[in-house]
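Take a look at the structure below.
Any read-out appearing in this document is the output of simple, stated calculations on the displayed coordinates, not a laboratory observation. Just so it is clear, the model here is predicted, and its values are computed rather than measured. Cβ placement follows ideal geometry from the backbone for every residue including glycine, while neighbour counts extend to all protein chains displayed.
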């Protein structure tokens, strides 16, 4: 591959013996230099995960003694906290939340992708006042979620702007499809610019010659978009979509603030975990968190495997050389892309 | 096990900051300080303390504390301001207790938290003889500070629901201020028939969005019809004809349009705005609305056009749910003797009086409601006294968070027409029974 080949050549050119000792020294130095980072990572990432897994196997504070005091200490209950999630009323609530979470993820991400790409295409065009358009498209993304939730709550009030403009009397925050719709609208408004931003970065790496060649060949606008823009912007787009999927799977603040807690139509998996923790049942809360963690991990894995989202630069290394003209073009474009440079450095380590 | 686990939580709570040091100490095994820090219930020790309280929107609290500090230079009180949102305050207090931290000495707690905090032994049980003002406080407010008949806190502020009504329109129609629900409906129909400007107004609204306010309004409807949610013995008893009559009063209001459809989205502020804009004839809200509805900056269209009365009930005066705050002493605090004195200081008649006129928070000291000067400053004091004297606490249960969520579920489903009222109460009874017996 064009971007990794020069690195290999450079390594090969070093004299054999010197290289080994140099590498050994480098490895030791690398280990020493990286150890603070690894320790910090272990403390802030690994330790909480292990701790949460452990917590999810215990319960505490569920029984009262004869004097009405909560019995202290915690009991090991094995997988009971997990089993309880899927049983009876709780199970019903869980599957509703699971459905909501998935529904929001699919709907919002599809809408955001379509709108985001459209935004990127507009932002990419050279026209007067382009910087103003770019800035204004990015404003929603810059607003904290809770603030945007309050903003939309105001819009969706019974006597709010939404009803005024639509000429309707819909009570948006009541349990039902309208609550779902309000969350989707608010989420799309806020995060479509995120996809737009990442896709714009991808668009800017596509060399102008490719488009000129297409023009010379007499390709239509639609053809250019489908055959050139989309394939070349695909790596950036897939990363953006992956981020949005992971983000939306743990959606919490928007439905919580915009619609409110305990409303079946917008309750998500994060909200269930929050509810348990709020009532000081940390064991079940940790179990919910773990289930959500596994779901997110599974979705991310499937996404990366199926669509080959190029998050860490693996996909490119596996592709056979040569290939179609499109692939070769893509590789060339990637070599020029700033993130391609980043990933090849990452691969070198 | 207990030691290990509280250590784990502590480490998580401190998080990134001192994680290295802390992890080392967590691996060091059990430490003995956890047992001794409880203090064994003796309210001893003098010195500086802290006062954990929600964000003080009136800005008056520092003056109260300064008055104490100037008299007690060696036992100064430091205010620890928590967020404005009650749930966030509770969360910080719970976290403080679970870390067994001495950062908070006196806790300014919402009345509904007492049972949970007492049952978990996060707050000290208080000997009643150490609080001389206690007999002079309104009995219903003192009840909120008890768990299983033992005192755990001292009520400092209270709150009760009031019926705000459009005095101008009632006068024009020549009807009396209603004392029962039937009278209220009749008054509303009379006003709508006789006063042209009242056309299109709705009769009544309270707080019916799915949040704590719904628990308040639901309990009031049921208590006002002679029912209970949780009885004197602490058992759920909500599947009764009385409770059904109370709930049906609300569902009927929604189905006949006496209560506007939009009221299902009302919290305090939405309701207040509707009342101030002249959309409601009667409105149930807290005393804070009075001053705002009287504002002459143009925000209110009903300045000098409304009055306040105690809540109406099924066949007589209604029963309000109690609001307000109690002061408790954290189990893990230092200088608890100072904390007792500080609570007594804040509970005293003189301090409560100053607090009422400075922050307009309703006092728990009964005699203050009859003070002529204060009545002039706060014209709603007389109906508020009636409201609080007859008020009932919301269910006093350890799992309050779960109980109030279950109540909101049942009430919301009934009010939005998803479940028939009878079914909602049967479901709620089953849910509450399982939550309370555990």
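Assorted remarks:
- For chain B, built as a Gaussian network whose Cα springs stay under 10 Å, the top-fluctuating residue of B:172, B:392, B:352: B:172
- The fewest-to-most ranking of A:121, B:432, B:82 by surrounding Cβ atoms within 10 Å reads A:121, B:82, B:432.
- In this calculation the C-beta distance from residue B:69 to residue B:128 is compared with R0 = 25 Å, giving a FRET efficiency of 0.40.
- DSSP bridge orientation in chain B - percent antiparallel, rounded to nearest 5: 65 percent
- Angle of helix B:349-359 to the longest C-alpha principal axis of chain B, folded into 0 to 90 degrees and rounded to 10: 60°.
- As a length-normalised measure over Cα pairs under 8 Å and 6 or more apart, the relative contact order of region A:93-311 settles at 30 percent.
- Between region B:345-417 and region A:224-283, the alpha-carbon center distance in angstrom: 40 Å
- Modelled spin labels at residue B:301 and residue A:227, positioned 7 Å past Cα toward Cβ, are 6.4 nm from each other.
- Mean-position separation - Cα centroids, region B:167-201 and region B:238-276, in angstrom: 18 Å
- Sorted by Cβ neighbour density within 10 Å, fewest at the top, the residues A:112, B:212, B:349: B:349, B:212, A:112
- Length-normalised contact order for chain B - Cα pairs under 8 Å, 6+ apart - percent: 25 percent
- Chain B: angle of helix B:421-437 to the longest principal axis, Cα-based, in degrees nearest 10: 10 degrees
- Within the protein assembly as shown, antiparallel bridges make up roughly 70 percent of the DSSP beta bridges whose residues both belong there.
- Global geometry of region A:93-311, whether rounded, prolate or oblate, following the gyration tensor of its Cα atoms and the 1.5 cut on a/c: oblate
- At R0 = 41 Å, FRET efficiency that the Cβ-Cβ distance of residue A:154 and residue A:122 yields, to 0.05: 0.90
- Distance between the C-alpha centres of region A:132-210 and region B:89-137: 43 Å, rounded to the whole angstrom.
- In this simple spin-label model, placing a label point 7 Å from the Cα along the Cα-to-Cβ direction at both residue B:150 and residue B:354 gives a separation of 3.4 nm.
- Chain B: most fluctuating residue of B:214, B:189, B:134 per GNM, C-alpha cutoff 10 Å: B:189
- Rounded to the nearest 10 degrees, the angle from helix B:86-98 to the longest Cα principal axis of chain B is 20 degrees.
- Considering only beta bridges that DSSP places wholly inside region B:28-186, some 20 percent are antiparallel.
- Only DSSP H runs of four or more residues enter the estimate; each adds -39500 (n - 2.57), and after division by the residues of chain B the mean residue ellipticity at 222 nm equals -13500 deg cm²/dmol.
- This ranking places B:123, B:264, A:143 by how few other beta-carbon atoms lie within 10 Å of each, fewest first, which gives A:143, B:264, B:123.
- Using the alpha carbons alone, the radius of gyration of the protein assembly as shown stands to its Kirkwood radius in an Rg to Rh ratio of 1.04.
- Sequence-separation-based contact order of region B:349-429, relative, with Cα cut under 8 Å and 6+ spacing, percent: 15 percent
- Distance in nm between pseudo-label sites at residue B:57 and residue B:172 (7 Å out along the Cβ direction from Cα): 3.1 nm
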